[in-house]
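For reference, the structure is listed below as structure tokens.
The values are calculated or read from the model by the stated rules, or taken from the named source; none is laboratory data. This is a predicted model, so every value here is computed, not measured. Neighbour counts are summed over all protein chains in view; Cβ atoms, including those assigned to glycine, are modelled from backbone coordinates with ideal geometry. Keep in mind that these areas ignore ligands, DNA and RNA; they rest on the heavy atoms of the full protein, side chains included. Shrake-Rupley method; radii C 1.70, N 1.55, O 1.52, S 1.80 Å.
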Amino acid sequence: MRLPYVLLDHAAEIDIGLIGVPWDGGTTNRAGTRHGPKQIREMSALTRNVHHVTGVRPYELANCADLGDVNANPVDLQDSLAEIEQFYRSVSAKGIVPLSVGGDHLLSLPVMRGICNGRVIGMVQIDAHTDTNAHSFGKHKYTHATVFRRAIEEGLLDPRRIVQIGIRGSLYDADDMDWGRDQGIRIITIEEFHDLGLSEVVRIAREIVRGDPTYLSFDIDALDPAYAPGTGTPEVGGLTTIEAQHLLRGLRGLDLIGADVVEVSPPFDMSGNTAIVAATMIFEILCLLTEQLKGRKR
């Protein structure tokens, strides 16, 4: 966003930090998301200062900075989880609200470990996949397909305050979504999204997370690959870009304690269009965070 680069150690009076997590150690299909933050940074230079619909001027409402990239370890998954968690503990200790840019979806787990601070939070997840598998390949507990099952098991997320929007695609087993539903997760498939209509989906999401602390996670594969082909696990029949923008705008006023945009994989879209889409969604979310922060200060 052409924001100033500020080292975390010197991040005094920063309200919102944009943070790159260049890591794809949890990827199970096509790798490459470690390159996402770099390309999204480049494409986000096209972003301007004022939201054209809401009129929000994020850089006037809050002190925003690019806090650089987390020092993730590409060859050691557990070390990366620990590095990311520690970085976000420092972010939280400084009172900074993180807006993270991935990287694969497993990064949400150490981010939540770092910022929850004993709270059990809710989540709005915009995604093609539930990411609540028990394991990947029969034995691996920590992948981008298991991230939110682990977060629930660790007491970071309250499953009764989770809504997953845009879910679709073929399954490994017919009961793949049963565990999440049994825990109380509200799963809105892409078919139900269109049956209900966007306004009703927004109403349901707001009702589920209420006014309590909530995390927002946006997987770029929620979008149809016609709009965002640069991702590791594309699923046809997804959201359009304008539907995703309206969905995000419908979340204004929620108590968001952090957010991420993940799974952009530049090797699968050398045009950079997927990164432009991601940067646009990041700006939408940044406007939500800064507007909410202004309300808290008031």
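For residues that are assigned to a strand (DSSP E or B) and of a type outside the set (Gly, Ala, Ser), scanning just the range 254-270, find the one that is nearest to MET281 (Cα to Cα). Here the answer is VAL261. Figure legend. Inter-residue proximity from the range 61-72: first residues acidic (Asp, Glu), second residues assigned to a loop (DSSP other than H, G, I, E, B) and open to solvent by 10 Å² or more (accessible area, probe 1.4 Å), beta-carbon distance below 8 Å, spacing 6+ or different chains. Indicated pairs: ASP66/MET1; ASP66/LEU3; ASP66/PRO4; ASP66/VAL6; ASP69/PRO22.
Summed over the range 10-36, the residues that are over 23 Å from HIS105 (Cβ atoms) and modelled with pLDDT under 95 give a count of 4. Restricting GLY258, GLY232, GLY272 to residues that are closer than 17 Å to THR28 by Cα and open to solvent by less than 10 Å² (accessible area, probe 1.4 Å) narrows the list to GLY232. Within the range 177-223, being outside any helix (DSSP H, G or I) and either over 22 Å from the mean Cα position of the chain (by Cα) or free of Cβ contacts under 8 Å to residues at least 40 places away in the same chain (or both) holds for GLY184, ARG186, ILE188, THR189, GLY197.
Quick grid of which residues meet (1) farther than 16 Å from SER80 by Cβ; (2) without any contact (Cβ under 8 Å) to a residue 40 or more places away in the chain:
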{"site": "PRO4", "(1), (2)": "yes, no"}
{"site": "HIS10", "(1), (2)": "yes, yes"}
{"site": "ILE19", "(1), (2)": "no, no"}
{"site": "THR27", "(1), (2)": "no, no"}
{"site": "ALA31", "(1), (2)": "no, no"}
{"site": "GLY36", "(1), (2)": "no, no"}
{"site": "MET43", "(1), (2)": "yes, no"}
{"site": "LEU46", "(1), (2)": "yes, no"}
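Scanning the range 119-139 for residues that are touching a Leu at 6+ places or on another chain (Cβ under 8 Å) and hydrophobic (A, V, I, L, M, F, W, C) yields VAL120, ILE121, MET123, VAL124, ILE126.
I'd like the residue in the range 100-119 that is within 19 Å of MET281 (Cα to Cα) and among the small types (Gly, Ala, Ser) and, out of all such residues, is surrounded by the most Cβ atoms within 10 Å (Cβ to Cβ). Taking the candidates together, the pick is GLY103. Taken as a whole, the structure places LYS94 among residues that are among the basic types (Lys, Arg), under 27 Å from PHE283 (Cα atoms) and more than 19 Å from the chain's Cα centre (by Cα). Which residues, counting only those in the range 55-91, are surrounded by fewer than 18 Cβ atoms within 10 Å (Cβ to Cβ) and among the polar types (S, T, N, Q)? Within the range 55-91, ASN71, ASN73, GLN78, GLN86, SER90 qualify. Can you pull out the residues in the range 3-26 that are part of a loop (DSSP other than H, G, I, E, B), of a type in the set (Gly, Ala, Ser) and open to solvent by less than 20 Å² (accessible area, probe 1.4 Å)? Within the range 3-26, ALA11, GLY26 meet the criteria.
ASP131 meets the stated requirement of being part of a loop (DSSP other than H, G, I, E, B), in contact with a Phe, Trp or Tyr (Cβ under 8 Å, 6 or more places away or on another chain), of a type outside the set (Lys, Arg) and open to solvent by less than 40 Å² (accessible area, probe 1.4 Å). In the range 149-163, is there at least one residue being within 28 Å of SER44 (Cα to Cα) and in contact with a Pro (Cβ under 9 Å, 6 or more places away or on another chain)? No; the residues of the range 149-163 include none that is within 28 Å of SER44 (Cα to Cα) and in contact with a Pro (Cβ under 9 Å, 6 or more places away or on another chain).
Across the range 150-174, the qualifying residues are those that are closer than 22 Å to ILE204 by Cβ, out of contact with any strand residue (DSSP E or B) (no Cβ under 8 Å at 6 or more places or on another chain) and not in a loop (DSSP other than H, G, I, E, B), and the one among them that is least open to solvent (accessible area, probe 1.4 Å) is PRO159.
Going through (1) touching a helix residue (DSSP H, G or I) at 6+ places or on another chain (Cβ under 9 Å); (2) under 21 Å from TYR142 (Cα atoms); (3) open to solvent by 20 Å² or more (accessible area, probe 1.4 Å) one by one, GLY32 falls short only on (3).
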